[in-house]
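Participant: Here it is: the structure, laid out below.
Every number here is computed from the coordinates shown, using simple stated rules; none is lab data. Quick caveat, the model's predicted, so the values are computed rather than measured. With ideal geometry, Cβ positions are generated from the backbone for all residues, glycine too; neighbour counts draw on all protein chains shown.
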Amino acid sequence: MTARTKVKYDSLLEDADVRRWHDNVARGSFVTAGVYLRRLGSFCLQFKTTPASLANMSEGDVYNLMLDYVSFMERREHAGSYIESALKAVKSWLSHNGKEVRRGIKIKGARDTPSLKDERVPTQDELKRIFLSGDKKARVACVIVAHTGCRIETLGNYKGNDGLKIKDLPEIEVNNDNVDFKQKPALLIVRKELSKAGHQYFTFLSEEGCEYVKDYLDERIREGEDLDAESALITPKLKMKPFIRAGNVGDTIREAIRAAGFRWRPYVLRSYFDTQLMLAESKGLVLRDYRQFWMGHKGDIENHYTTNKCKLPQSVIEDMREAYRRSQEYLQTTKAEETKEERLMQAFRKQLLLVAGFKQDEVDGMDLSSISNEEIQEIVRKKLLGTDASDCTKQKVVNVAEVENYLTQGWEYVANLPNEKVIIKLNV
């Protein structure tokens, strides 16, 4: 849509009744109101009429105009979904004037999405290319959509007068010369004003995403900007408005996607979040209810969260964070750093497998991070049960302090394990 087109159809608002209709639709969605105004204007222009004249026509005359419009647009090879959108706008205007077209109108391909026909979700490597193809601002916009599931309009609304603020990432600490995160993955709150469904919810930002946000905000601090809780998370290129507009967010993401060599729409990054978390869900890493809540969909958790005035028990929030942490390997394009506890657990598992009789190269070939504790136990059990029946040996794991007592009873030392544990055996 060009600026000239927008101005041309904005002139329709000089009609007081058209403005009332537009404002009423805008109370539900300002974006829908703008689209409907342009569609109604285009329809009237095609038949050299006005919205007022259209409202005064008989139901039969309007029905015939709609049929003619569909035929005209199909000859020009417009998508069925576009034609249906125009008729919805006309019907909305007629409904505002107390009129209704009851007879059905067939539109070929009304449910088709030609722009999505060849679109697919990017792989993690392709997402990495997209991240690296944009500047720091573009990287933040891309990672928030791809790693939190937020809609583009959450970063900045249609008018550019609201959007994500630094306070919406409550675990950010803004210092004099840099910012940091108290926890990662970081909580990200979507206020009801920025939610399509009109309710507040929260999601999480990955460790990789936190690094991109930190780099971007640190750069703004170095350039002399004073950041506080009310500062926009992403600022517009020209400071005419406090927040970046949704259209400009989409353009920023689209430019990064094009620079990476792809033709996808910006919203494919939100589909990436949904798809990757479905994979994590299939591995038992995250609950479906969590995934739906993080995407702003209504459900049991959303209902409980809203009923309790946007509060959940801290234990539930931390369980969600842990589920996200487990799942972020499917989202991130960089490998998450292992914690001390995770490294200790991997060492324990390796030692346990070696003691059970596996060779070093066999253990090295296993992806222990993707194997559950129950699966490790089953692998060890099968290995031990599969040994020679004549080898009547009992093994057990005991604390270091208990070793001396067991040795006096005939047990033999086998190997050390982490956490001051020791494996001993008894020949029977």
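Participant: What whole-number distance in Å separates the alpha-carbon centres of the range 279-330 and the range 35-64?
Facilitator: Using only Cα atoms to place each centre, the spacing works out to 46 Å.
Participant: Let me ask something else. Report, to the nearest 10°, how far helix 16-26 tilts away from the longest principal axis of the Cα atoms in the chain, using its own Cα long axis and a range of 0 to 90°.
Facilitator: 10 degrees
Participant: Would you mind estimating how fast the chain diffuses translationally, via Stokes-Einstein at 37 °C and 0.692 mPa s with the Kirkwood radius over Cα pairs, in µm²/s?
Facilitator: 125 µm²/s
Participant: With charges set only on the Cβ (+1 for Lys and Arg, -1 for Asp and Glu), what does the dipole of the chain come to about its Cα centre, in debye to the nearest 20?
Facilitator: On the way: 69 positive and 65 negative charges, 439 e Å.
Here the chain has a charge dipole of around 2100 debye.
Participant: Among the listed pairs Lys91/Lys196; Lys184/Lys421; Lys137/Lys184; Lys159/Lys182; Lys283/Lys359; Lys383/Lys425, which have their C-alpha atoms separated by more than 26 angstrom in this model?
Facilitator: Working: Lys91/Lys196 23 Å; Lys184/Lys421 31 Å; Lys137/Lys184 20 Å; Lys159/Lys182 32 Å; Lys283/Lys359 28 Å; Lys383/Lys425 16 Å.
Pairs exceeding 26 Å: Lys184/Lys421; Lys159/Lys182; Lys283/Lys359.
Participant: Can you list residues from other chains, or at least 5 along the same chain, whose modelled amide H is less than 5 Å from the amide H of Leu188?
Facilitator: Answer set, sorted by chain and number: Thr203, Phe204, Leu205.
Participant: So, one more: Toward the positive end of the charge dipole of the chain, about the Cα centre and with charges on Cβ (Lys, Arg +1; Asp, Glu -1), which of Val414, Pro122, Ala33 goes farthest?
Facilitator: Ala33
Participant: Which of the three applies to the range 346-385, rounded, prolate or oblate, going by the alpha-carbon gyration tensor with a ≥ b ≥ c and a/c under 1.5 meaning rounded? All intermediate terms of the calculation are to be shown ahead of the outcome.
Facilitator: On the way: a/c = 1.62, a/b = 1.05, b/c = 1.54.
Since a/c reaches 1.5 but b/c is at least a/b, the shape of the range 346-385 is classed as oblate.
Participant: Taking just the alpha-carbon atoms of the range 124-329, what radius of gyration and Dmax come out, in angstrom?
Facilitator: When restricted to the Cα atoms of the range 124-329, Rg and Dmax are 16.2, 47 Å.
Participant: Relative to the first principal axis of the alpha-carbon coordinates of the chain, what is the inclination of helix 124-133, with its axis defined by its Cα atoms, in degrees from 0 to 90 and to the nearest 10?
Facilitator: Approximately 60 degrees, to the nearest 10.
Participant: Two-decimal Rg/Rh of the range 10-115 from alpha-carbon positions, Kirkwood Rh? Intermediate values should be presented prior to the final figure.
Facilitator: Working: Rg = 13.4 Å, Rh = 14.1 Å.
A ratio of 0.95.
Participant: Modelling each spin label as a point 7 Å along the Cα-to-Cβ direction, I'd like the Asn97/Gln395 distance in nm, to one decimal.
Facilitator: 8.5 nm
Participant: Can you give the translational diffusion coefficient of the range 3-55 in µm²/s, computed by Stokes-Einstein from the Kirkwood radius over Cα pairs at 4 °C and 1.567 mPa s? Could the numbers behind the result be given before it?
Facilitator: Details: Rh = 11.1 Å.
Rounded, D is 117 µm²/s.
Participant: Pick from Ile107, Ile379, Ile83: which residue has the top mean-square fluctuation in a GNM of the chain where Cα pairs under 10 Å get a spring?
Facilitator: Of Ile107, Ile379, Ile83, the most mobile in the Gaussian network model is Ile379.
Participant: Loop-only check: which trypsin sites (Lys or Arg not before Pro) in the range 19-70 are DSSP coil with at most 11 other Cβ within 10 angstrom? Present the calculation step by step, with values, prior to reporting the outcome.
Facilitator: On the way: sites: Arg19, Arg20, Arg27, Arg38, Arg39, Lys48; in loops: Arg27, Lys48.
Of the trypsin sites (Lys or Arg not before Pro), the ones in loops of the range 19-70 whose Cβ has at most 11 other Cβ atoms within 10 Å are Arg27, Lys48.
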